[in-house]
Amino acid sequence: MNQNDLLNIRHATLQEAKAEMKTLLETRQPNYSLDAALYNDPHMFRVDMEEVFQKEWLFVGMTSEIPKRGDYFTVEIGQNPVLILRDADGSVNAFHNTCRHRGSRICTEHRGKVANLVCPYHQWTYDLKGNLLFAGTEMGGEFDLKQHGLKKAFCKTAGGFIFVSIGKEEPTGDFDEFLQTLEEYMEPYDVENTKLAVESHMYEKANWKLVLENNRECYHCSGSHPELLNTLLEWDDINDPRASQDFLDLYKDQAEKWDEEGIPHEHKSYGPGLRNRIVRMPLKKGVKVMTMDGEAGCKKMLGRVKNPQLGSMRILHLPNSWNHMQSDHFIVFRVLPISAQETMVTTKWFVHKDAVEGVDYDPERLRKVWDATNEQDRVLGEQNQLGINSVGYQPGPYSETYEFGVINFLEWYSETIKSNLA
C-alpha cells in the first residue's frame, strides 16, 4: 500500500465520520446529552477540530499579556502552533508558528520578547509583521523573500480580549456586534493597564464538550464547590427560573449603584445558544470578590472602578472561554482540546499593572478559590468521561430549569457543526 492509498483511506474515514456526526446531530433527542461517540471517538474529535476549532473564533489571551513591541505568547490549537505578537506599531497579530522554510516552530517558549523572529533551525528571520527579512545566500539569487512571509491567522481584539481563527476564511456572523458590546462593557477595567498576576494549566482527561457542559450549569455546585459558594450566587441571570426574590432585590440594589458609576450590567447575548454572552451579576450580599473570605484580593482597584462590590461580570464565548470580571482583579478561562478524551484548561488572574506582589496582592490568595474549584471540576469531568465510555451509557435528559445553559451550549454546538458541514 502506497502513500496515496493511505491518504485516500484517511480521507474516506474522515468523510464517513462527518456523515455519521451529521446524522447523530440531526436525529438526537432535544434536551438530551449526546451520543457517546461525540464524547469519546477519535474520528469525531477530528471533525470537532476541523469544523469548530479550525473555523470558529477562539479566545486565546489578553492584550495586557503582551504590552510592548516584540512581546509574544504561544498557544497550541490541536496540532496547530500559533504565535500572538505585539508589533512595532502596537498592533496585535496572530501567525502560524511555523517557518516557511521547512516548517519548524519558530518560537519555542510559552512567552517571551523578540526584536525579530528567528527560526532556531536554519535562522530564517522575520520582522514583527511576519515579513521574511533573511533566508541566507544559500537560497540563490532568484529567491523572492516577499513570497515567503509567515502565514497569518485571523485576529481581532476588543476590551483587551484577543480572539483568533485559523481557518482559511474569516468566520461570518454577528461576532463584530459582540465585540462592540465587549469593548463597551470592558471599558471601566482599562485592561491595557493591567498585568498577568498568575496562571495555571490543568490537564483534564475528559472531552472538551464535557468541560463546557460542566461550566454551563451550577446544578452540581452545592455538592461540589464549597469554596466557590462562599461568594458566588448560583443564579445565572435575573431571568434564571430558579432566582429567588431575595436575589432579585439584591440585584436591583446593586444595579442602582452600578448605574450611578456608569458601569454596564444588562444582559447582552448573540448567536445561537447564547454563544456570546455578557451579564453582570452580584455576588453574595456584603461580598467584594471571589476570595475565600470575600474580601479584596488586591489593594488597587481596576481602571475607573470605585465600588468594591462590583459583583462579577460574566463573559461567555463559545467554544472555549468563560470569564469573571470583578472590581480589583479579573479571571479568564481558556479551554483547548488535546484529544477525544483530553483537554487543557488554562486560568489566568489579572490585577492593576502597578500592583506589587506581596504588598498589594498575594497570588496564592487570589487563586485559592478557583484552584479548588478547577480541581473539583476536573474530577467531575473525568468521572463523567469514564461513565460515558461504558457500554451501559445512553444519552440522558437535562433539566430545563437547572441545566438550560447546557441545553444552550449543545444547541450552539449542533447548529455550528451542521452549518459548517453543509
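Observations on the model:
- Here the label points at Lys195 and Lys285, each 7 Å from Cα along the C-beta direction, are separated by 3.9 nm in the simple model.
- Per-atom-type breakdown for the chain gives carbon and sulfur 48% of the accessible area (1.4 Å probe, protein chains only).
- Structure-based [θ]222 nm, the chain - -39500 (n - 2.57) summed over DSSP H runs of at least 4, per residue, nearest 500: -9000 deg cm²/dmol
- Volume of the convex hull of region 61-122 (Cα atoms only), normalised per residue: 80 Å³.
- Computed over the Cα atoms of the chain, pair by distinct pair, the Kirkwood hydrodynamic radius stands at 23.0 angstrom.
- Long-range HN-HN contacts of Ser312 with modeled amide H, under 5 Å: Met281, Leu283
- Under-5 Å amide H pairs with Thr194, H placed in peptide plane, nonlocal only: Lys353
- Working note: Karplus 6.51/-1.76/1.60 with θ = phi - 60° gives region 310-327 the couplings 8, x, 10, 7, 9, 10, 10, 9, 8, x, 8, 7, 9, 8, 10, 9, 10, 6 Hz, where Gly and Pro are set to x.
- 17 Å tail of the calculated P(r), region 58-165, as % of Cα pairs: 50 percent
- Label zone at Asp246, where the point sits 7 Å out along the Cα-to-Cβ direction: region 207-225 residues whose backbone N lies under 20 Å: 218-225
- Here the Karplus curve 6.51 cos²θ - 1.76 cosθ + 1.60, taken at θ = phi - 60°, turns the phi angles of region 172-182 into couplings of 9, x, 9, 5, 5, 5, 4, 4, 4, 5, 4 Hz, with x standing for Gly and Pro.
- At R0 = 35 Å, FRET efficiency that the Cβ-Cβ distance of Asp362 and Lys168 yields, to 0.05: 0.15
- Three-way shape call for region 3-132 based on the alpha-carbon gyration tensor, with the a/c threshold at 1.5: oblate
- Inter-part distance where region 390-422 and region 48-96 are each reduced to a Cα centre, Å: 29 Å
- Pairs with C-alpha atoms separated by more than 18 Å, drawn from the list Lys195/Lys348; Lys68/Lys195; Lys68/Lys113; Lys18/Lys55; Lys152/Lys209; Lys68/Lys299, are Lys152/Lys209; Lys68/Lys299.
- Taken along the Cα-to-beta-carbon direction at a fixed 7 Å, the label points for Asn116 and Gln29 span 6.3 nm.
- Over all projection directions, the Cα-based convex hull of region 175-389 averages an area of 11.8 nm².
- Under 15 Å from the Gln79 label point (7 Å along Cα→beta-carbon), backbone N, region 45-72: 45-51, 54
- A straight line joining the Cα centroids of region 318-340 and region 223-238 runs 17 Å.
- For region 210-219, Karplus couplings with θ = phi - 60° (6.51, -1.76, 1.60), whole Hz, Gly/Pro x: 5, 4, 5, 4, 4, 5, 7, 9, 10, 4
- GNM result for the chain, Cα springs below 10 Å: residue of Trp349, Trp124, Trp208 fluctuating most strongly: Trp124
- Comparing Lys146, Lys18, Lys209 in a Gaussian network model of the chain, where Cα atoms under 10 Å apart are tied by springs, the biggest mean-square fluctuation is seen for Lys146.
- A run of the chain free of exposed loop cleavage sites, with GluC sites (Glu not before Pro) counted only in DSSP states other than H, G, I, E and B and at most 16 other beta carbons within 10 Å, reaches its longest extent at 1-108.
- Per residue, region 120-173 exposes 60 Å² of solvent-accessible protein surface, assessed with a 1.4 angstrom probe and all protein chains in place.
- Aspartates and glutamates whose Cα lies under 14 Å from that of Lys257, excluding same-chain neighbours fewer than 8 positions away: Asp249, Glu266
- Theoretical FRET efficiency, 1/(1+(r/R0)^6), r = Cβ-Cβ of Lys68 and Leu229, R0 51 Å, to 0.05: 0.80
- Extension reserve of the Lys353-Asn239 stretch, reckoned as 0.36 nm per residue once the Cα distance is removed: 37.5 nm
- If the segment from Lys146 to Asp176 were pulled out straight at 0.36 nm per residue, it would be longer than the present Cα-Cα gap by 7.7 nm.
- Placing a pseudo-label 7 Å from each Cα along the Cα-to-Cβ vector at Tyr203 and Lys156 gives an inter-label distance of 3.5 nm.
- For a 4.7 Å threshold on C-beta separation, the list of partnerless cysteines in the chain reads Cys107, Cys155, Cys298.
The values are calculated or read from the model by the stated rules, or taken from the named source; none is laboratory data. Everything quoted here is computed from the prediction, not taken from an experiment. Glycine also receives a Cβ, built like all others from the backbone with ideal geometry; neighbour counts cover every protein chain displayed. With ligands, DNA and RNA removed, areas are computed over all heavy atoms of the protein, side chains included. Shrake-Rupley method; radii C 1.70, N 1.55, O 1.52, S 1.80 Å.
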